[in-house]
Amino acid sequence: MTHARSIILGVATALGLGGVANGTFMLLDPVNWYFAVPGVTSTGSFNQHFVRDIGLIFVLVGAALLIGVLRRPVRTALWTTAALWLAGHAMFHMWEVAVGICGPAAIARDFPAVTLPAILTAALAGWASFDAGANGRRVIA
């Protein structure tokens, strides 16, 4: 395995573990998650059902990233699906700023945990698609 492939799979592993950890926190302790994550309390009142619903999505997105690390034949589909949800989530956060639900400071505050994972996962999905379409040639071995 090349150094580049190791880095790519390492990034996917880190994002996957982060998604599973965040989702598990949301599922097991939604009240503490609600108060622990900066900015969440300013987006609306606590709703245990909603936090757990989104927690389940984060567990599934994280699992998709991790399974994609281990299973090359399904990597593109799993990483693309994860990227689509994460991108939608990031765009929703931007929309909240655009319509005045959150102030502009939310963009910077949310970037590390919302926007950056969406960008990185989209890049991973693009790489996986390129890698899968190499017609048997090892582009990044």
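The values are calculated or read from the model by the stated rules, or taken from the named source; none is laboratory data. None of these values were measured; they are calculated from a predicted model. With ideal geometry, Cβ positions are generated from the backbone for all residues, glycine too; neighbour counts draw on all protein chains shown. Note: accessible area is taken over every heavy atom of the protein model, side chains too, but ligands, DNA and RNA are not part of it. Shrake-Rupley method; radii C 1.70, N 1.55, O 1.52, S 1.80 Å.
Dividing the summed helix terms, -39500 (n - 2.57) for each DSSP H run of n ≥ 4, by the number of residues in the chain produces a 222 nm estimate of -25500 deg cm²/dmol to the nearest 500.
The stretch between T24 and I107 holds 27.4 nm of extra length on full extension. This uses 0.36 nm per residue minus the Cα-Cα distance. Each residue, H3 and A98, gets one label point 7 Å from its Cα in the Cβ direction; the gap between the two is 4.1 nm. Of all segments of the chain bounded by trypsin sites (Lys or Arg not before Pro) found in a DSSP loop with no more than 11 other C-beta atoms within 10 Å, the longest spans 1-70.
Solvent exposure of the stretch 22-115, expressed per residue, is 57 Å² of accessible area, with all protein chains present and a 1.4 angstrom probe.
How much of the accessible area of the chain, in percent, comes from carbon and sulfur atoms when a 1.4 Å probe is used? Mind dumping the intermediate values first?
Numbers: 5630 of 7860 Å².
Here it works out to 72 percent.
Checking the a/c ratio against 1.5 first, then a/b against b/c, what shape does the Cα gyration tensor give for the stretch 11-92? In terms of gyration-tensor shape, prolate.
In order along the stretch 61-69, phi translates into HN-Hα couplings of 4, x, 5, 4, 5, 5, 5, x, 4 Hz, rounded to whole numbers, per the Karplus curve 6.51 cos²θ - 1.76 cosθ + 1.60 with θ = phi - 60° and x for Gly and Pro. Across L66, L86, L120, mean-square fluctuation computed from a Gaussian network of the chain (C-alpha pairs under 10 Å connected) peaks at L120. Taking mean projected area of the Cα convex hull in nm² as calculated from this structure, the corresponding entry among (1) 10.5; (2) 8.7; (3) 9.2 is (2). Per-residue Karplus couplings for the stretch 42-56, computed as 6.51 cos²θ - 1.76 cosθ + 1.60 with θ equal to phi - 60°, are listed in order as 7, 9, x, 6, 5, 9, 4, 4, 5, 4, 5, 4, 5, x, 4 Hz, Gly and Pro entered as x.
In this label model, I67 and F35 are separated by 3.6 nm, measuring between points 7 Å along each Cα→Cβ vector. Between amide H atoms placed 1.01 Å from N, distances below 5 Å from C102 occur with V97, all of them 5 or more places distant or on a separate chain. Placing a label point 7 Å from the Cα of L116 along the Cα-to-Cβ direction, the residues of the stretch 43-81 whose backbone N falls under 18 Å of that point are 62. Computed from phi, the 3J(HN,Hα) profile of the stretch 25-41 under the Karplus parametrisation 6.51, -1.76, 1.60 (θ = phi - 60°) reads 4, 5, 6, 7, 9, x, 5, 5, 4, 4, 8, 7, 8, x, x, 5, 5 Hz, with x in place of Gly and Pro.
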